[in-house]
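Here the structure is laid out as structure tokens; the discussion comes afterwards.
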Amino acid sequence: MGVEGFCWICQLLSLGATPASSTAAPLATFLIATTITSWGSFLFFCAFALPLEWRYELQPEGRCQGKRGREDVRVDSLLSLAKKVAAPDSLLSFAKHARVLFLSRYDVQLAAINLTLSAAATVAIGIHHASRDAARRSTLIYLESPQTWSEMAYVLASTIGFFFWIDCWAYVSHRLLHLPLLYRTVHKTHHMWKQPTAFVALGLHPVEFLIFFGGVYAAFWLAPLHISAIAVNLLYVHYHNAVDHSGLYLESHLPWQPTSLYHDDHHRLFHVNYGQSLTIWDRLGGTFYQPNKAYAEHIFSH
């Protein structure tokens, strides 16, 4: 997402920074920080996604397909792609072929593009934050540690509030993207994968990615948010997004977090289960999965 670098970027740019020093070379700062953040974000995402993808390949009994009596679906995971290559004569050869096959995947390419977009937005906000004094900042992000019980209570409350903001926006924007026109022109890209694996979590049309994160980032201008509230929420979403697209049947220890089958059914059935971390939005909106209801790509929700 790029967002996991948000905390350290803001800290880095704000350490001893003044409006004059921060704007001395804004373009160079932007380009360097965006490059570092996008690469760091991609490697960070791989740290989540690769183990899940390997597990999908090595443990077929743990996949979601069998939970609804479905046939197994072949997925071009990194390991299965590497197996297509003639038996390599060395570990170096194997790594070379695996890398080429991995980077040729459309979901991986989209993930790289979207992480770069997110990194650019994150860095721009960080530079804005560091280059202006508190009175001239348009965002309401703050870095100062809470000193009193009331300040700590606010950080906790705003963290929870930001979680609900993200989750509600995820449902609303996702449901809008399933309107016929937006689905066919934008969101259908994500539904190329009827059986997703972890990298499909960011296998989104860039327009869709900007719609979702534009709504998430809008909160930075609506209410004061401590950097920790932002980091905790975005890392949480980042991790569970990979889990929900993993193709593995995984249960969470958190009572509000549905199993990965919740979103896996969305990819299988298309116009259902639009939520992210909470099922309440689907239940209220009448879009929660019903076993006796007919679903298909051409049957849109009302």
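Of the residues that sit in the stretch 276-302 and are without any contact (Cβ under 8 Å) to a residue 24 or more places away in the chain and polar (S, T, N, Q), which one is nearest to residue 236 (Cα to Cα)?
279
Mind checking whether some residue in the stretch 207-215 is in a helix (DSSP H, G or I), of a type outside the set (S, T, N, Q), out of contact with any helix residue (DSSP H, G or I) (no Cβ under 8 Å at 6 or more places or on another chain) and surrounded by fewer than 18 Cβ atoms within 10 Å (Cβ to Cβ)?
For the stretch 207-215, residues in a helix (DSSP H, G or I), of a type outside the set (S, T, N, Q), out of contact with any helix residue (DSSP H, G or I) (no Cβ under 8 Å at 6 or more places or on another chain) and surrounded by fewer than 18 Cβ atoms within 10 Å (Cβ to Cβ): present.
Does the stretch 157-180 contain at least one residue that is more than 21 Å from the chain's Cα centre (by Cα) and acidic (Asp, Glu)?
No; the residues of the stretch 157-180 include none that is more than 21 Å from the chain's Cα centre (by Cα) and acidic (Asp, Glu).
Considering every residue within the stretch 187-198, establish whether at least one is part of a helix (DSSP H, G or I), at pLDDT below 95 and buried (at least 21 other Cβ atoms within 10 Å of the Cβ).
Scanning the stretch 187-198, I find at least one residue that is part of a helix (DSSP H, G or I), at pLDDT below 95 and buried (at least 21 other Cβ atoms within 10 Å of the Cβ), so the answer is yes.
The values are calculated or read from the model by the stated rules, or taken from the named source; none is laboratory data. Note that the structure is predicted; figures quoted are calculated from it, not measured. Here Cβ is always computed from backbone atoms with ideal geometry, including for glycine, and neighbour counts include all displayed protein chains.
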